[in-house]
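The values are calculated or read from the model by the stated rules, or taken from the named source; none is laboratory data. For clarity, every value in this text was computed on a predicted model and none was experimentally measured. When we count neighbours, we look across all protein chains shown, and the Cβ atoms used for this are built from the backbone with ideal geometry, even at glycine. Each accessible area value is taken on the protein alone, full model and side chains, heavy atoms only, with ligands, DNA and RNA left out. Shrake-Rupley method; radii C 1.70, N 1.55, O 1.52, S 1.80 Å.
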Amino acid sequence: QKEVEQNSGPLSVPEGAIASLNCTYSDRGSQSFFWYRQYSGKSPELIMSIYSNGDKEDGRFTAQLNKASQYVSLLIRDSQPSDSATYLCAVYGGATNKLIFGTGTLLAVQP
Amino acid sequence: KAGVTQTPRYLIKTRGQQVTLSCSPISGHRSVSWYQQTPGQGLQFLFEYFSETQRNKGNFPGRFSGRQFSNSRSEMNVSTLELGDSALYLCASSPNREDYGYTFGSGTRLTVV
């Protein structure tokens, strides 16, 4: 079982729709959760962090964390073509004490 | 404010050679981590350094090594290069050891031929 799992996609949504990206993790002791965005040919960029159960909103982005289900999600409202990128889920803590990345979900927003 | 600077940006090496990659973190950032990114495996953790001490190491062979200097700059070294070492090597920094909201550098693209 992978430590951090994401559906590789591509996830295709029309412009203006809500994009929902999901991530599960295996280590129940994990403490910190992050979403990074990576455009093709570029390095990852931090867009959201979340540390406690519930929702955290920042502009068009909402991160959701459910530690009981070991599940993290990212919602992107009013998706724009410029949101087209690979979204990486990263999890820290637990037994490894490392920041572990999922392999990412490719999001394509269709104009 | 300057970002995380990695040099060189591109590198072509021959199998069996050795390579050293450099990373200068954001000013004031004391934690530096290194990742290898390949299309098949994604981002794989290599090392984490804080105040010149290696805090953690990933599951890579001993050919991969690193260090951090007193000014927080870091280097990683790969000896006896193999074709499979071809990858994008990313350095990331954060202000302190408990902050994992990393800022990544642009990476060094290593090609082993």
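In peptide A:39-45, what is the residue-averaged number of other protein chain Cβ atoms found within 10 Å of each Cβ?
Average neighbour count from other chains, rounded to a whole number: 5.
About the Cα centre, and with charges only on the beta carbon of Lys, Arg (+1) and Asp, Glu (-1), how big is the dipole of chain A? Nearest 20 debye, please. Before the final figure, lay out the partial values.
Details: 9 positive and 10 negative charges, 49 e Å.
For chain A, the charge dipole is close to 240 debye.
Under 8 Å for C-alpha pairs, at least 6 residues apart: give me the relative contact order for chain A, rounded to a whole percent. Before the final figure, lay out the partial values.
Values: 283 pairs, mean separation 42.3, N = 111.
Relative contact order, chain A: 38 percent.
Suppose a student asked you for the relative contact order of the range B:1-91, using Cα pairs under 8 Å spaced at least 6 residues apart; what percent would you report? Walk me through the numbers on the way to the answer.
Working: 179 pairs, mean separation 30.0, N = 91.
Taking the mean separation of contacting Cα pairs over the length of the range B:1-91, I get 33 percent.
Any idea what Rg and Dmax come out to for chain B if you just take the C-alpha atoms, in Å?
Gyration radius and largest Cα-Cα distance of chain B: 13.2, 39 Å.
Pick from A:19, A:85, A:68 the residue whose mean-square fluctuation is largest in a GNM of chain A, springs joining Cα atoms under 10 Å.
Among A:19, A:85, A:68, the largest mean-square fluctuation in the Gaussian network model of chain A belongs to A:68.
Excluding ligands, DNA and RNA, what is the accessible area buried between chains A and B, summed over both sides, using a 1.4 Å probe, to the nearest 100 Å²?
Roughly 1300 Å² of accessible surface disappears when A and B pair.
Could you sort B:65, A:82 by their accessible area in this structure, using a 1.4 Å probe and putting the largest first? Could you put the intermediate results ahead of the total?
Working: B:65 50, A:82 75 Å².
Descending accessible area places them as A:82, B:65.
What is the spin-label model distance, in nm, from residue A:97 to residue B:22 if the labels are put 7 Å beyond Cα along the C-beta direction?
3.1
With a 1.4 Å probe and all protein chains left in place, how much of the accessible area of the range B:1-95 comes from carbon and sulfur atoms, in whole percent? Don't skip to the answer; put the middle values down first.
On the way: 2070 of 4490 Å².
Looking at the range B:1-95 in its full context, I get 46 percent from C and S.
Pop out a list of residues from the range A:70-111 that are at least 20 Å² less accessible with all the protein chains around than in their chain alone; 1.4 Å probe, no ligands or nucleic acids counted.
In the range A:70-111, residues shielded by partner chains: A:92, A:97, A:98, A:99, A:101, A:103.
For chain A, modelled as a Gaussian network with Cα springs under 10 Å, which listed residue fluctuates most, A:13, A:91, A:72?
Comparing A:13, A:91, A:72 in a Gaussian network model of chain A, the most mobile one is A:13.
Would you tally the net charge around residue B:15, using a Cβ to Cβ cut-off of less than 14 Å, leaving residue B:15 out, and scoring K and R as +1, D and E as -1?
Working: positive: B:13, B:63; negative: B:82, B:85.
Counting the neighbours of residue B:15, the net charge comes to 0.
Accessible area per residue of chain B at 1.4 Å probe, in Å²?
Details: 5260 Å² over 113 residues.
Per-residue accessible area for chain B comes out at 47 Å².
Taking 30 Å² as the minimum loss, tell me which residues in the range B:42-58 lose that much accessible area going from the chain by itself to the full protein complex (1.4 Å probe).
Checking the loss per residue gives B:43, B:45, B:56.
Given a 10 angstrom Cα cut-off, can you work out which residue in A:24, A:96, A:62 is the most mobile in a GNM of chain A?
A:96
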